[in-house]
Amino acid sequence: MESKKVNYRNPWTFIPSLYFIQGLPNVIITGVLDIIYKSLGIPNAQITAFTSLLNFPWVLKPLWAPFVDIYSTKRKWVLYTQLAMIGCLILAAFSFTLPNFFFLSLLAFSVAAFISATYDIAADGYYMLALSPEQQALFAGIRNVAFRVALIFGTGFLVAFAGQLGGTLGNIPLSWSITLGLSALIFGASFIYHQIILPFPDSDLSNAGNRESQETAPFLEVIASYFRQPKIWATLAFILLYRFAEVMLGKVGKLFLLDYLQQSGLDIASATKEVGIIYGTFGVTSLIIGGVLGGLIVSRYGLKKTIWPLALALNVPDVFYVYIASRQLPVQWLYPLISIEQFGYGLGFTAFMIYLMYTSKGKYKTSHYAISTGFMALGKMVAEFISGPIQQGVGYYNFFIIVCILTIPGMITILFLPLNEVEQNQKA
């Protein structure tokens, strides 16, 4: 299908859809997949160990970002990665009908993770090329909301839909195959829509122009300039440790709720539907509200004054899980407790991301931000990898106590951050 070559369109016609499609595979791979495997009887240690490794493409994506820059246009990368994702989702859907589904589905999702990380690079590059600087600032919040809507759709609607379908059909694997097939259809519709609607920015150059720009920014110099930043080791410790406990909690939390609800008398299909509503709808909505409010707080009072309150908002609500695990609460109590915890996570995570943006400066700021988010993905992968074996070794109650203790090192790193220099650079 050939599109008429239009150089400009209203960003409202494509920015929300670009970032919804960025968020959907991310949430399926890093969130929904845990619930899929749990509902299919895979042990927690296997789930957390193997699915945590799917973070590798996001850890390593700075390594092939120059390749995306050099070859072809960002528009083509955006379209072709969407097309490739359709194939991955169809293969994953088909794998759940087979006896060795665990290995086959992991293989399909490994390829999907690489494609999703590549799409992130292309979509962010296209965003900067297709929009003016003023539009980029205006739509920064819009793209974040679109990404978060994908989280609601994935962990809310898709999980609840699969749970409802599983109860109706009496076949859990088939319900997930149909759900992933629906996701593939969404990507098919997105590919057709973006093929028609995405403009052809003049600045979306092909390989010749990009090679010249790459020669002026050698890879080793980009890396070296990143590590020459003031107190870079404090920054790296902050990136790796600030969210470490919260990531462990998020990885095991959904698995805990499935077990908890089944102990309350629900079957696995009903429990899956309930988790989809608790985590994916109420939880993610609270996370979005917390994220927006966190951004307003930082913009009003500055990062240096607000980072400690926002860090406490991130970590203190973790004690709710200790409380839930210590007693058999009615299901309706889970809705407000999980919502408050996710609201706090939205506040604290916003402070974290603002710090990463503030420290990405100079002529290599895009690459610096990619490196920081690569380290962020590395910390996430390690936290997820160890969470399952620890939980299975000590039980849910003791696991959540350990999580609360592990929030302390991340907050201690704040004491060593160059917050004065960061705020001065923003005002300059």
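Some observations on this one:
- Search result, residues across the range 150-176 that are within 18 Å of Phe187 (Cβ to Cβ), at pLDDT 85 or above and open to solvent by 30 Å² or more (accessible area, probe 1.4 Å): Phe153, Phe157, Phe161
- Residue identified as free of Cβ contacts under 8 Å to residues at least 12 places away in the same chain and of a type in the set (A, V, I, L, M) among Leu91, Leu98, Leu53, Leu79: Leu98
- Checked against the criterion of being among the hydrophobic types (A, V, I, L, M, F, W, C), without any contact (Cβ under 8 Å) to a residue 12 or more places away in the chain and over 23 Å from Leu415 (Cα atoms), the candidates Leu293, Leu337, Leu329 yield just one match: Leu329.
- Complete set of residues in the range 396-416 that are closer than 24 Å to Phe256 by Cβ, in contact (Cβ under 8 Å) with a residue 24 or more places away in the chain and not β-branched (Val, Ile, Thr): Tyr396, Tyr397, Phe399, Phe400, Cys404, Leu406, Pro409, Gly410, Met411
- Search result, residues across the range 91-122 that are outside any helix (DSSP H, G or I) and open to solvent by 40 Å² or more (accessible area, probe 1.4 Å): Thr97, Leu98, Pro99, Asn100
- Screening the candidates Leu53, Leu24 for the property of being open to solvent by 30 Å² or more (accessible area, probe 1.4 Å) and either part of a helix (DSSP H, G or I) or over 23 Å from Ile121 (Cα atoms) (or both) yields one hit, Leu53.
Residue-wise test of (1) assigned to a helix (DSSP H, G or I); (2) among the β-branched types (Val, Ile, Thr); (3) crowded, with 18+ Cβ neighbours inside 10 Å; (4) touching a Ser or Thr at 6+ places or on another chain (Cβ under 7 Å).
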{"site": "Pro317", "(1), (2), (3), (4)": "yes, no, yes, no"}
{"site": "Tyr323", "(1), (2), (3), (4)": "yes, no, no, no"}
{"site": "Glu341", "(1), (2), (3), (4)": "yes, no, yes, no"}
{"site": "Ile371", "(1), (2), (3), (4)": "yes, yes, yes, no"}
{"site": "Tyr396", "(1), (2), (3), (4)": "yes, no, yes, no"}
{"site": "Ile402", "(1), (2), (3), (4)": "yes, yes, no, no"}
{"site": "Ile405", "(1), (2), (3), (4)": "yes, yes, no, no"}
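- No other residue among Ala377, Ala351 is assigned to a helix (DSSP H, G or I), of a type in the set (A, V, I, L, M, F, W, C) and free of Cβ contacts under 8 Å to residues at least 60 places away in the same chain apart from Ala351.
- Check on Ile29, closer than 30 Å to Ile223 by Cβ and of a type in the set (Val, Ile, Thr): yes
- Close pairs from the range 237-261: first open to solvent by 10 Å² or more (accessible area, probe 1.4 Å), partner of a type in the set (Lys, Arg) and part of a helix (DSSP H, G or I), Cβ under 9 Å, at least 6 apart: Arg243/Lys380; Phe244/Lys380; Val247/Lys380; Lys254/Lys38; Asp259/Lys38
- Qualifying residue in the range 118-129 (condition: closer than 26 Å to Ala160 by Cα and polar (S, T, N, Q)): no
- Scanning the range 303-315 for residues that are open to solvent by 20 Å² or more (accessible area, probe 1.4 Å) and modelled with pLDDT under 95 gives Lys304, Lys305.
- Condition met for Leu296 (open to solvent by 20 Å² or more (accessible area, probe 1.4 Å) and outside any helix (DSSP H, G or I)): no
- Verdict on Val247 being part of a helix (DSSP H, G or I), under 19 Å from Ile340 (Cα atoms) and at pLDDT 90 or above: yes
- Screening Ser72 against (1) in a helix (DSSP H, G or I); (2) over 30 Å from Ile268 (Cα atoms); (3) not acidic (Asp, Glu) leaves a single unmet condition, (1).
The values are calculated or read from the model by the stated rules, or taken from the named source; none is laboratory data. In this text, all values refer to a predicted model and were calculated from it rather than measured experimentally. Positions of Cβ are backbone-derived with ideal geometry, glycine not excepted, and every protein chain shown enters the neighbour counts. Just the protein is used for accessible areas: all its heavy atoms, side chains included, with ligands, DNA and RNA removed. Shrake-Rupley method; radii C 1.70, N 1.55, O 1.52, S 1.80 Å.
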